[in-house]
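Laboratory data are not the source of any read-out in this text; all were calculated from the coordinates shown. Just so you know, these numbers come straight off a predicted model, no measurement behind them. Please note: Cβ atoms are built from the backbone with ideal geometry, for glycine as well, and neighbour counts cover all protein chains shown.
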Amino acid sequence: MKLCIMGTGYVGLVTGTCLADLGNEVICVSGDENKINLLKQGKVPIYEPDLNELVEKNVKENRLFFDTDSEKSIQESDIIFICKGTPSQPNGQVNLKYVEDAAIEIGRAIDDYKIIVNKSTVPIGSGDWVSMIINDEQEKLNKNVPFDVVSCPEFLREGSAIYDVFFTDRIVIGSSSKKAIETMKKLYEPIINQTFETDINPRPKTKVPLVVTDLTSAEMIKYAANSFLATKISFINEISSICEKVGADVTKVADGIGLDKRIGREFLDAGVGWGGSCFPKDLSAISQIAAEYGLSTQIINAVVQVNKQQRSNIIKKVQELLKIIKGKTIGVLGISFKPNTDDTRYAPAITIINNLIKLGARVKVYDPIVKDKPSDLSEKAIFCKDSYEVAENSHLLILATEWDEFIKLDFEKIKKLMSKNLIIDGRNVLDKENLKKIGFTYVGIGR
Ligand code: UGA
């Protein structure tokens, strides 16, 4: 099939590239000429494992194209995916400007039947709103080209995005049009039936469940899924604080409850709290949507509150260990909100570093991929070339992101470099017993 992907951020690039790899002809469109020029040369502007190689392969095999001309790209395609950013506004509402612009471009350009797919996470009812904008634009141009809008939410995680597309737990298609649903089923058939070629042997899945529903329910599934995942994390973080008081180990508690199939072990890793571009934005959006109907999201509000508290708890641990923060040197390992991504949006590390600096600490930082200072990170944070430089003369180390290379560090060497041997393992990934044996004072989260 011929596909047009409007937007070349995480979701757009990954979706477009994976669908091209399944044999479709895909044009990814963005108004950003520099970005499109880079992509045409096979240069991917984001860090996502294996994405570069997959883009290069599909560009070479003439299935994946990049263009700034949205009109031509829309007209040449059967299905148009809206994969535009939907950032939060200061009041917590979703900024739909980019989705609106895409809908206007579609309304102006369409010249025969198209399926419009909302992949961006958009507030409930946005499918109907997109239809309205397309119709309004058509009316201005005295045309009435038929089209259908589908919601097909994305469930990929940064850092494992390609795997998550090909081996997703489910595909959700929401629409009132039988024709559009049938076309979408055909498009996703290789994933649903797992018939595409893969080097992974044995295949992690034999079949992927398909959920066909109405537009509104599909939109709600996305918000409910992210809200539930964030709830699991805040829940285990709350339990971790109790574990600390009573002397239990939250990692064992998570294993113990996670074996119950009704609960499941995933997303029960206690730590510095959740961040990224999705959970904070989506939880805030669902609260706003509920408020529009006079409802208050009591569980979601508590989930957000616990998450804020979790970041403050790290500062409390630092105060307990160092007593006086002023004049101390603290090393922070990891800036990105999770490993295997360069994304620093709402990263717990940034809140922690900024607060430590405010309290008078000198803070040295290192991240394997984040090399440019994020705009919301204090100017005073000192970037180091590696973890050992961070450790040099530091009184305390905080592991904020569980990059694999931090787990494999030579802690004997780190110990010799540090002024004091205190370590806060903000992700419970380090070998606690070994660190204690070496001579570190180890503090984890809830263990
Ligand atoms: C999340 C969802 O997991 C995806 O299914 C969804 O498609 C995506 O949002 C989206 O809406 O686009 P993502 O934000 O990329 O994906 O990353 P996650 O792996 O979900 O991690 C989110 C945060 O939770 C990270 O800060 C991570 O460190 C934290 N986390 C995760 C924990 O603290 N504990 C856990 O057990 C798991």
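Site pair Phe155 and Glu76 shows an inter-label distance of 3.3 nm when each label is modelled 7 Å from Cα along Cα→Cβ. Measure up Lys2/Lys84; Lys205/Lys308; Lys114/Lys186; Lys40/Lys338; Lys143/Lys222 against 25 Å on the Cα-Cα distance and list the ones that go over. Correct reply: Lys205/Lys308; Lys40/Lys338; Lys143/Lys222. Overall, the chain carries a charge dipole of about 2020 debye about its Cα centre when +1 sits on the Cβ of Lys and Arg and -1 on the Cβ of Asp and Glu, all other atoms neutral. Taking a straight line from the alpha carbon of Lys43, these aspartates and glutamates sit under 19 Å away, with near neighbours fewer than eight places off in the same chain left out: Asp21, Asp32, Glu33, Glu53, Glu56, Glu61, Asp67, Glu158, Asp342, Asp343, Asp372. If you take all other residues with their beta carbon under 15 Å from the beta carbon of Asn37, and give Lys and Arg +1 and Asp and Glu -1, the sum is -1. Here the contact order of segment 223-304, divided by its residue count and restricted to Cα pairs under 8 Å and six or more residues apart, works out to 38 percent.
Helix by helix through the chain, keep the DSSP H runs that span 30 Å or more along the axis on Cα and average at least 0.0 on Kyte-Doolittle, and give those back in order.
Values: long enough: 215-246 (47 Å, 0.49); 298-322 (36 Å, -0.17).
TM-like helix candidates: 215-246.
Please build a GNM for the chain, connecting alpha carbons under 10 Å apart, and tell me which residue among Ala225, Ala290, Ala302 fluctuates the most. Comparing Ala225, Ala290, Ala302 in a Gaussian network model of the chain, the most mobile one is Ala290. With the chain treated as a Gaussian network of Cα nodes joined by springs under 10 Å, which of Thr121, Thr297, Thr17 yields the largest mean-square fluctuation? Of Thr121, Thr297, Thr17, the Gaussian network model singles out Thr297 as fluctuating most. The string of couplings for segment 153-162 from the Karplus curve (6.51, -1.76, 1.60, θ = phi - 60°) is x, 9, 10, 6, 9, 4, x, 9, 4, 5 Hz, one whole number per residue in order, with x for Gly and Pro. Taking other C-beta atoms within 10 angstrom as a stand-in for reagent exposure, Asp67, Asp32 fall in the order Asp32, Asp67, fewest first. Spin-label model, Glu53 to Tyr163: label points 7 Å out along the Cα-to-beta-carbon direction sit 1.3 nm apart. Using a Gaussian network model of the chain in which every pair of alpha carbons under 10 angstrom is joined by a spring, one finds that among Lys416, Lys281, Lys232 the greatest mean-square fluctuation is at Lys416. Under a 5 Å amide H cut-off, with hydrogens placed 1.01 Å from N, Ile5 pairs with Ile27, Cys28, Val29, Phe81 among residues at least 5 apart or on other chains. For an R0 of 35 angstrom, estimate the FRET efficiency from the Cβ-Cβ distance between Ile242 and Asn91 and round to the nearest 0.05. The computed FRET efficiency comes out at 0.55. In a fully extended conformation the segment linking Glu412 and Glu379 would gain 8.8 nm over its present Cα-Cα distance, using 0.36 nm per residue. Between Gln305 and Leu259, the contour length at 0.36 nm per residue exceeds the alpha carbon distance by 13.8 nm.
Dividing the summed helix terms, -39500 (n - 2.57) for each DSSP H run of n ≥ 4, by the number of residues in the chain produces a 222 nm estimate of -13500 deg cm²/dmol to the nearest 500. Arranged from fewest to most other beta-carbon atoms within 10 Å of their beta carbon, Arg265, Arg311 become Arg265, Arg311.
How high is the relative contact order of segment 309-443, given as a whole-number percent (alpha carbon pairs under 8 Å, six or more residues apart)?
For segment 309-443, the relative contact order is 24 percent.
Normalising the Debye intensity of segment 343-447 to I(0), with uniform scatterers on Cα atoms only, and taking log10 at q = 0.23, 0.24 Å⁻¹ returns -1.45, -1.55.
Bridging of Lys252 to aspartates and glutamates at a Cα separation below 12 Å is possible for Asp269, once same-chain residues fewer than 8 apart are set aside. Normalised by 2.2 N^0.38 Å, with N the number of residues, the alpha-carbon radius of gyration of segment 2-213 equals 0.98. Loop-located chymotrypsin sites (Phe, Trp or Tyr not before Pro) across segment 289-364 with a Cβ neighbour count of 14 or fewer within 10 Å are Tyr293, with loop assigned by DSSP. Note that the chain carries a Kirkwood radius of 23.6 Å, evaluated over its alpha carbons pair by pair. Since only Leu435, Ser387, Gln309 are under comparison, the one whose Cα sits farthest along the positive direction of the charge dipole of segment 309-443, derived from C-beta charges on Lys, Arg, Asp and Glu, is Gln309. Take the Cα of Lys2, step 7 Å toward its Cβ, do the same at Gln319, and the gap between the two points is 6.4 nm.
Taking the fewest neighbouring Cβ atoms within 10 Å as the starting point, the ordered list for Met184, Met220, Met132 is Met132, Met220, Met184. Extents of segment 62-172, taken as max minus min of Cα coordinates on every principal axis and listed largest first, are 45, 44, 25 Å. Taking a Cβ cut-off of under 12 Å around Leu396, the surrounding Lys, Arg, Asp and Glu residues balance to a net charge of +4, with basic ones at +1 and acidic ones at -1.
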